[in-house]
Amino acid sequence: LRDGLNSQPGATLQWASAQGLRPGESMWQEAYRNWLVFEPETAHAWFADQVPAWNAQGDHRSVAEFITQEIDNAQATKNESSRQQLDAKLAQQIELWRKHDPAAADAWLITQQKKASESLDR
């Protein structure tokens with residue numbers, strides 16, 4: 001799985017989700033980020049299909065992490081309109097997550113804020 005996520009991220013993520021594997025570890029987010037660079041439309045469509053199932057399984061953190069990959073991609077391509085839509089999507093995801101596990105959602109947000117602050121300091 002790790003080799004596939006590194007060498008063929010799109011095909012491997014599609015295969016993994018078809019097998020019922022749940023998203024995990026940072027390698028999933030890294031693979032998605034790489035897939036977004038080369039096939040953004042296909043990657044977005046695949047992720048949009050995963051969101052309801054992941055949220056139903058309680059994988060709220062993974063959904064938020066993948067949305068942050070989309071936000072990073074929008075920043076890299078300087079797509080401000082897309083960035084604003086993705087910020088709203090992330091806010092909705094955090095609110096959904098808070099309904100199920102407010103402590104985990106808030107802890108994740110604090111970590112993200114620290115990362116953003118550290119990157120601004122550099």
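This table checks each residue for (1) among the aromatic types (F, W, Y); (2) surrounded by 18 or more Cβ atoms within 10 Å (Cβ to Cβ); (3) modelled with pLDDT of 95 or more.
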site: F38; (1), (2), (3): yes, no, no
site: A43; (1), (2), (3): no, yes, yes
site: N55; (1), (2), (3): no, no, yes
site: I67; (1), (2), (3): no, yes, yes
site: K78; (1), (2), (3): no, no, no
Suppose the filter is of a type in the set (A, V, I, L, M, F, W, C), closer than 22 Å to W28 by Cβ, crowded, with 18+ Cβ neighbours inside 10 Å and modelled with pLDDT under 95; does A105 pass it? no
Show the residue pairs that are 6+ apart or on different chains and have beta-carbon atoms under 8 Å apart, the first residue being within segment 65-89 and in contact (Cβ under 8 Å) with a residue 60 or more places away in the chain, the second being surrounded by fewer than 17 Cβ atoms within 10 Å (Cβ to Cβ). none
For residues that are modelled with pLDDT under 95 and not small (G, A, S), scanning just segment 22-33, find the one that is farthest from the chain's Cα centre (by Cα). R22
Might you check whether a residue that is open to solvent by less than 60 Å² (accessible area, probe 1.4 Å) and closer than 18 Å to G24 by Cα occurs anywhere in segment 83-93? yes
Quick check on segment 11-19. Is at least one of its residues out of contact with any helix residue (DSSP H, G or I) (no Cβ under 8 Å at 6 or more places or on another chain), within 18 Å of A53 (Cβ to Cβ) and open to solvent by 20 Å² or more (accessible area, probe 1.4 Å)? yes
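Which count do you get for residues in segment 16-56 that are of a type in the set (A, V, I, L, M, F, W, C) and farther than 15 Å from Q69 by Cα?
Residues flagged as of a type in the set (A, V, I, L, M, F, W, C) and farther than 15 Å from Q69 by Cα within segment 16-56 amount to 6.
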Turns out the helices (runs of 4 or more DSSP H) fully within segment 1-101 with at least 2 residues that are within 24 Å of Q112 (Cα to Cα) and of a type in the set (F, W, Y) are 25-38, 40-56
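The values are calculated or read from the model by the stated rules, or taken from the named source; none is laboratory data. Small disclaimer: the values here were computed from a predicted structure and weren't measured. Here the Cβ is made from the backbone with ideal geometry for all residues, glycine too, and neighbour counts use every protein chain on show. Keep in mind that these areas ignore ligands, DNA and RNA; they rest on the heavy atoms of the full protein, side chains included. Shrake-Rupley method; radii C 1.70, N 1.55, O 1.52, S 1.80 Å.
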